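To start, the structure under review is shown below, and the notes come after it.
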Amino acid sequence: MSIGSVVIPAWLRYGAVALLAAGAAWTAQGWRMDAALAKQQSGFDQAMSAASAEALQRQHELQGKLDAQQERWALAEAEQYKELRNAEVEIERLRADIDAGRQRLRVRATCPASGATGMSEAGTTASLDHGATAELDQAARSDYFALRAGIGRVTQQLAACQARLR
């Protein structure tokens, strides 16, 4: 075969056709590879989207549980502090009543039979009341009220801790 006056050898013609066929095959293979990669990427994107949606749903569930737990803790804590404040108010009322003489603080005590009355122990009986009462001195009173307040505070704090752990 000749083009114009130039003669193209057969091997060159077959080589050109083979080269064109290889180029076309290369291009077709590229298109198929691009389609396969796009399909694989689409599957990966769908899987990641599903995993992300599931993780987000789980996070919302856990956050809801945490919020509910914190609300229960806050309510229990508020109740315990209310009871603690009520106990403190009661102790203060009792202290004021005792200081004002509206109530008496009595302690079981024994008083010696002799002493202030001038009577001898032999002349008194164990059941004889000389009209004297035993009372706490001022230092013992403040210690008593501090102990009562501390007991109330610790009891309420313990109850609050136990409620929080439930």
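Every read-out reported here was derived from the displayed coordinates using simple, explicitly stated rules and does not represent laboratory data. Since the structure is predicted, the reported quantities are computational estimates derived from the model, not experimental observations. Glycine gets a Cβ as well: all are built from the backbone with ideal geometry, and neighbour counts include every protein chain shown.
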For Gln103, enumerate residues with amide H under 5 Å from its amide H, sequence gap 5+ or separate chain, H modeled in the peptide plane. Ile98
Segment Arg104-Arg13, length gained on full extension (0.36 nm per residue, minus Cα span): 20.0 nm
Suppose R0 equals 41 Å; then what is the FRET efficiency for Leu94 and Leu62 from their Cβ-Cβ distance, rounded to the nearest 0.05? 0.30
